[in-house]
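Below: the structure, in structure tokens.
The values are calculated or read from the model by the stated rules, or taken from the named source; none is laboratory data. Quick caveat: nothing in here was measured; it's all calculated off a predicted structure. Please note: Cβ atoms are built from the backbone with ideal geometry, for glycine as well, and neighbour counts cover all protein chains shown. All accessible areas refer to the heavy atoms of the entire protein, side chains included, with ligands and DNA or RNA removed. Shrake-Rupley method; radii C 1.70, N 1.55, O 1.52, S 1.80 Å.
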Amino acid sequence: MPAVAETIETVQAAQEGGYKWGFETDIEMEFAPKGLNEDIVRFISAKKGEPQWLLDWRLKAFAMWKKMEEPDWAAVNYPRIDYQDLYYYAAPVKKVGPKSLDEVDPELLRTYAKLGIPLKEQAILAGVEGAGDSPSDSGRMPVAVDAVFDSVSVATTFRGELAKKGIIFCSISEAVHDHPELVRQYLGSVVPQGDNFFACLNSAVFTDGSFVYIPKGVRCPMELSTYFRINAKSTGQFERTLIIADEGSHVSYLEGCTAPQRDENQLHAAVVELVAMDDATIKYSTVQNWYPGDAEGKGGIFNFVTKRGACRGARSKISWTQVETGSAVTWKYPSCILQGDDSVGEFYSVAITNNFQQADTGTKMFHIGRNTKSTIVSKGISAGRGQNTYRGLVKIGAKAHGARNFTQCDSLLIGDQCGAHTVPYIENRCATAKVEHEATTSRIAEDQLFYCRARGLNEEEAVGLIVNGFCREVLKELPMEFAVEAQKLLAISLEGSVG
Amino acid sequence: MLRIEGLTAEVEGKQILRGIDLELPQGEVHAIMGPNGSGKSTLSYVLSGREGYEITGGSVTFNGQDLLAMEPEERAASGVFLAFQYPVELPGVGNANFLRTALNAQKRARGEKEVDAMAFLKLAREKLKALQMSDEMLKRNVNVGFSGGEKKRNEVLQMALLNPSLAILDETDSGLDIDALRIVSDGVNALRGPDFSALVITHYQRLLTYIVPDRVHVLMGGRIVRSGGKELALELEAQGYGASAA
């Protein structure tokens, strides 16, 4: 049997057993009634004790959403979602009031420990105690974590430490109460309520997410991260993240996500908004590891996410790095609005589709200011019957003199039943702008596999090495500890049997 | 000891090896010479376990083990090294990472302790120095953008690091200038000893003035048609392969 055929079999053999995050936490939950109507929107808002302006904002979104059609232009197929058959609010019952780590339900702490997410500040600082269970607790560098469990944030670490520098890092529900002026000013300023079907739905029913504000001239001393966990059945997760980097500030933010393995599909429709003022830098990294469904394509998360950053200030920079290994269907286009002169947008992406996974992902770069620059590096890997589409838009406005874009899209195919598609749109209205696009499609060649095996690597190690090599330009953009995780995840996603 | 008996093999239904018998005792270096299309590369791939070559008969044992029943990586771990005629490029894969991964995969398979990054670097630098190669070699991606000569030198570097007990050199001399040929030959000669044997597959006698073989075999039409001492190579050079066919 040729080596490649064997790889296909290995890949096909990837059972859900390879997904190590598929357990379910048994914890008492409070649900809103199933279904979506104005009362549910009011329920969520009331549950969070929101001010009237926010309730009005939600209701306006809901009214818009009712008139909208679910988009069908992406190259993905999935069964129709019954929006009346979902829970829009699910929260652990015991969580109340001010969130000190001592008050968090131990069952939740155990859940996060099992996922390798440290919710103990001391343990991470000391770098020893309790750090043994998790690969990410190497203790080298503290990471502040906001943990979102279904519809609510259950804990945020290192808040005191960060507050000393004037940094606000909390759940968005808390920010609504504690920093209403900031939330009111920026919420929906990058992704308006009516932006698209899923963002509009999110605007009506978002339950929690993270809020970050970095004051002028402050360089955030540690990585900030949010860890999203879907646990409850038949529940949609609608989180909303808002990050504001004031003039001359700098922040690196990480996002991770997992879900139990179930036969049903679950909806995850998030909105992330980033705002960078003059000379500010936001680096946003995602390792997306939602349950992908089993080898027959049953179950898995529908990941329909709107992520957008606005480079409002001159010389500001927003950099998106994503490693997409999970989800049954991914529909996601982290984008940059390059408004400030000399601002910079970057998009580095690795997307893997195995078995029956489908990904339609890419970016949009809007060049508005002068001398704005954008770089797009997309690496798509398809295996099994996976379908992988890069969809991108580079739009250069009439006044974006000296704008530059470089796009590189590479696709790697493993086996002969998968697909890779590249759909780049370029709209240039400025004669002085320069746009470059490069694209390649290749297979893991039999001679590469044999070369590695002849040196002593087994087939899985060989595939892992070749795929990691293929993704190198993207992986090197990740913070170091994340990069190590991502490399392992790539191998697991492809092999199934490795994990 | 490598023992090949009555080995026959097909590629895409076409018979290439028609009954090869060969004994390569431990500690010896044998040359296999032959014209194009005689089955030289097929023999090297069959011995190292490349897929797409169907063994239709015969046997190969290496130190008593049935080599043909083993996966390529198992053969590598048991000490078989193939220096490729056309080394393969691995974009984005650093040479140091590749070599350490390979070395540790072999060590793991043999139940030996793996080497950490620092120890590996020290070992690699020693080998580079002995082979008169620059450290730069480790930083580059595996064979990407290498000249023909650099690729062959990289094969020899890998061989030095992996320290095999049987090396199969498949036309390692092709595309080498005289300086590169000497570096490559020095690399092979440095490994010679009682625990190392090599099968040097070549079209030309030239390489054999640098790597002096204990025996020379002539492969034609998928069979060994003549065997002799090192002087046989010179005779072939003077008279061509035609005389052997007669």
Test: residue in region B:69-83 that is touching a residue at least 60 places away in the same chain (Cβ under 8 Å), away from chain A (no Cβ under 11 Å), assigned to a helix (DSSP H, G or I) and not aromatic (Phe, Trp, Tyr): no
Condition met for residue B:33 (modelled with pLDDT under 95, away from chain A (no Cβ under 11 Å), closer than 28 Å to residue B:143 by Cβ and open to solvent by less than 10 Å² (accessible area, probe 1.4 Å)): yes
Residue ranges of helices (runs of 4 or more DSSP H) in region A:399-494 with at least 1 members surrounded by fewer than 22 Cβ atoms within 10 Å (Cβ to Cβ), within 14 Å of chain B (Cβ to nearest Cβ) and not charged (D, E, K, R): A:459-470
Which numbered condition residue B:117 misses (of (1) open to solvent by 40 Å² or more (accessible area, probe 1.4 Å); (2) within 8 Å of chain A (Cβ to nearest Cβ); (3) over 17 Å from residue B:164 (Cβ atoms); (4) not acidic (Asp, Glu)): (2)
Residue pairs meeting the criteria (Cβ under 6 Å; at least 6 apart or on separate chains; first facing chain A (nearest Cβ under 9 Å) and under 11 Å from residue B:161 (Cα atoms), in region B:93-106; second among the small types (Gly, Ala, Ser) and not in a helix (DSSP H, G or I)): B:102/A:456
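This table checks each residue for (1) more than 28 Å from residue B:194 (Cα to Cα); (2) open to solvent by 20 Å² or more (accessible area, probe 1.4 Å).
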| position | (1), (2) |
| --- | --- |
| B:51 | yes, yes |
| B:54 | yes, yes |
| B:58 | no, yes |
| B:66 | no, yes |
| B:81 | no, no |
| B:86 | yes, yes |
| B:108 | no, yes |
Of the criteria (1) in contact (Cβ under 8 Å) with a residue 24 or more places away in the chain; (2) within 24 Å of residue B:84 (Cβ to Cβ), which one residue B:234 fails: (2)
All strands (runs of 3 or more DSSP E) inside region B:2-62 with 1 or more residues being basic (Lys, Arg): B:2-11, B:14-24
Residue pairs meeting the criteria (Cβ under 8 Å; at least 6 apart or on separate chains; first more than 26 Å from residue A:401 (Cα to Cα), in region A:432-445; second part of a loop (DSSP other than H, G, I, E, B)): A:443/A:414; A:444/A:414; A:445/B:88
Candidate set: region B:208-246, residues that are in a helix (DSSP H, G or I) and touching a strand residue (DSSP E or B) at 6+ places or on another chain (Cβ under 7 Å); chosen: the one farthest from residue B:24 (Cα to Cα): B:245
Options B:137, B:159: the member that is aliphatic (A, V, I, L, M), within 19 Å of residue A:455 (Cα to Cα) and surrounded by fewer than 20 Cβ atoms within 10 Å (Cβ to Cβ): B:137
Whichever residue in region B:187-206 is at pLDDT below 90 and part of a helix (DSSP H, G or I) and, among such residues, is surrounded by the fewest Cβ atoms within 10 Å (Cβ to Cβ): B:206
Test for residue A:44: is it more than 30 Å from residue A:460 (Cβ to Cβ) and either out of contact with any Phe, Trp or Tyr (no Cβ under 7 Å at 6 or more places or on another chain) or at pLDDT 80 or above (or both): yes
Matching residues, region A:408-431, being over 18 Å from residue A:388 (Cα atoms) and touching a residue at least 24 places away in the same chain (Cβ under 8 Å): A:426, A:427, A:428, A:429, A:430
Odd one out for residue B:138 among (1) touching a residue at least 40 places away in the same chain (Cβ under 8 Å); (2) hydrophobic (A, V, I, L, M, F, W, C); (3) away from chain A (no Cβ under 13 Å); (4) within 30 Å of residue B:6 (Cα to Cα): (4)
Residues of region B:154-184 that turn out to be modelled with pLDDT under 90, not in a loop (DSSP other than H, G, I, E, B) and not β-branched (Val, Ile, Thr), as a count: 4
Test result for residue A:295, touching a residue at least 60 places away in the same chain (Cβ under 8 Å), outside any strand (DSSP E or B) and not β-branched (Val, Ile, Thr): yes
